[in-house]
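The structure appears right after this line, and notes come after that.
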Amino acid sequence: MCRMIDGKKISEEIKKELRERVSEMKEQGQERCLAVIQVGDDPASAVYVRNKKKACEYIGIRSLSYELPGETTEEELLDTIKELNNRKDVNGILVQLPLPGHIDEDRVLLAIDPEKDVDGFHPVNVGNLSIGRPGYVSCTPAGVIQLLKRSGVEIEGKECVVLGRSNIVGKPMAMLLTRENGTVTVCHSRTRNLQEITRRADILVVAIGKPKFVTRDFVKDGAVVIDVGIHRNEEGKLCGDVDFDSVAPVASAITPVPGGVGPMTIAMLMANCVEGIS
Ligand code: GUN
């Protein structure tokens, strides 16, 4: 019988815990403040930014919103980041991606003070994660670890296969599973005999960016399957990188799309804002 891992419920538990923590912090005179920068009017980004601000409001984090026009120059954006780096009252800075084509994303992410980089994208934080030092961790893979732990899935000693090698999900995911004492294999679009490798997984994390790519042929009986993908099909319906109807009958536990990993990303962003570097 396949168990559904309910990311919405778990993310709500986490946000409730954070709300209590922020309330205690306020009693001790401490406040948290997140600056959210969006450049241009990409509709998907606008939805993400709105949800991040709503989560801040619920938890009690002050949010500063910078909605900059699409024509903003790289230098103007860098100036805004510099100003926020220097503000003592701002402890988190987030630049919503993707940025317009004329702006160099790497230069922008490098400009954020690593101590305020609540997205965990700065090379200093990525480096700290890779050598086991404290730092901010990318929110989506951190959310996957919380989903597993809070659903009672043990990672230690397990065969973990990560499908996808992006800087934001696949690579930090592999490092976090290693930190939890999993035995980790990373596969990607050029991997040979892909199904042979994914079928070894006790825990399979899929972040390949292709709708319904993973079918039951990729999955060992009883595996835990975590789907990081999110896509909208021709009828406007959301689906993941995993073909849910095909995989659910062979998995022991699976995340749905929507309502699996998605809500966890914002919850972990909020955790980064509240708890700081951990
Ligand atoms: N765009 C899509 N996902 C993310 C994210 O987690 N953080 C930021 N800053 N931009 C994104």
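The values are calculated or read from the model by the stated rules, or taken from the named source; none is laboratory data. Everything numeric in this text was worked out from a predicted model, so none of it was measured. Because the Cβ atoms are built from the backbone with ideal geometry, glycine has one as well, and the counts that use them run over all protein chains shown. Calculation scope for accessible area: heavy atoms of the full protein, side chains included, ligands and nucleic acids excluded. Shrake-Rupley method; radii C 1.70, N 1.55, O 1.52, S 1.80 Å.
Yes or no: ILE59 under 22 Å from HIS122 (Cα atoms), of a type in the set (Val, Ile, Thr) and surrounded by 13 or more Cβ atoms within 10 Å (Cβ to Cβ)? Here the answer is no, as ILE59 does not meet what is asked.
Restricting region 74-87 to residues that are open to solvent by 60 Å² or more (accessible area, probe 1.4 Å) and of a type outside the set (Asp, Glu) leaves a set whose member that is farthest from the ligand (Cβ to nearest atom) is ASN86. Note on region 101-125: residues that are farther than 17 Å from GLU275 by Cβ, out of contact with any strand residue (DSSP E or B) (no Cβ under 8 Å at 6 or more places or on another chain) and part of a helix (DSSP H, G or I) total 7. If I ask for residues that are out of contact with any Gly (no Cβ under 8 Å at 6 or more places or on another chain) and free of Cβ contacts under 8 Å to residues at least 40 places away in the same chain, which ones from region 223-238 would you list? Across region 223-238, the qualifying residues are ALA223, VAL225, ARG232, ASN233, GLU234, GLU235, GLY236, LYS237, LEU238. Give the residues of region 147-183 that are surrounded by fewer than 19 Cβ atoms within 10 Å (Cβ to Cβ), in a helix (DSSP H, G or I) and touching a residue at least 60 places away in the same chain (Cβ under 8 Å), sorted by residue number. Passing the criteria: only ARG150.
On the basis of being touching a residue at least 60 places away in the same chain (Cβ under 8 Å), open to solvent by 30 Å² or more (accessible area, probe 1.4 Å) and either under 20 Å from VAL274 (Cα atoms) or within 16 Å of the ligand (Cβ to nearest atom) (or both), does ASN51 make the cut? Spelling it out, ASN51 is indeed touching a residue at least 60 places away in the same chain (Cβ under 8 Å), open to solvent by 30 Å² or more (accessible area, probe 1.4 Å) and either under 20 Å from VAL274 (Cα atoms) or within 16 Å of the ligand (Cβ to nearest atom) (or both). Remark: ARG190 falls outside the filter, which requires a residue to be closer than 23 Å to LYS15 by Cβ and open to solvent by 10 Å² or more (accessible area, probe 1.4 Å). Just name the residue that is surrounded by the fewest Cβ atoms within 10 Å (Cβ to Cβ) out of those in region 88-100 that are part of a loop (DSSP other than H, G, I, E, B) and within 10 Å of the ligand (Cβ to nearest atom). Selected residue: PRO98.
Looking across THR183, THR140, one residue alone is among the hydroxyl-bearing types (Ser, Thr, Tyr) and in contact with a strand residue (DSSP E or B) (Cβ under 8 Å, 6 or more places away or on another chain). It is THR183. Just for region 216-239: of the residues that are in a loop (DSSP other than H, G, I, E, B), open to solvent by 40 Å² or more (accessible area, probe 1.4 Å) and in contact with a helix residue (DSSP H, G or I) (Cβ under 9 Å, 6 or more places away or on another chain), which one is farthest from SER166 (Cα to Cα)? So the residue we want is LYS220.
Determine, yes or no, whether VAL186 is of a type in the set (Val, Ile, Thr), in a strand (DSSP E or B) and within 18 Å of the chain's Cα centre (by Cα). When the stated conditions are applied, VAL186 passes them.
For region 194-208, the set of residues classified as assigned to a loop (DSSP other than H, G, I, E, B) and either free of Cβ contacts under 8 Å to residues at least 40 places away in the same chain or crowded, with 17+ Cβ neighbours inside 10 Å (or both) consists of ARG199, ALA201, ASP202, ALA207, ILE208, listed by residue number. When every residue of region 64-86 is checked against the conditions, none turns out to be in a helix (DSSP H, G or I) and under 21 Å from the mean Cα position of the chain (by Cα). Of LEU129, LEU64, all but one fail to be within 16 Å of the ligand (Cβ to nearest atom), in contact with a helix residue (DSSP H, G or I) (Cβ under 7 Å, 6 or more places away or on another chain), open to solvent by 10 Å² or more (accessible area, probe 1.4 Å) and at pLDDT 95 or above; the exception is LEU129. Scanning region 255-278 for residues that are among the hydroxyl-bearing types (Ser, Thr, Tyr), open to solvent by 10 Å² or more (accessible area, probe 1.4 Å) and more than 15 Å from the ligand (Cβ to nearest atom) yields one hit, SER278.
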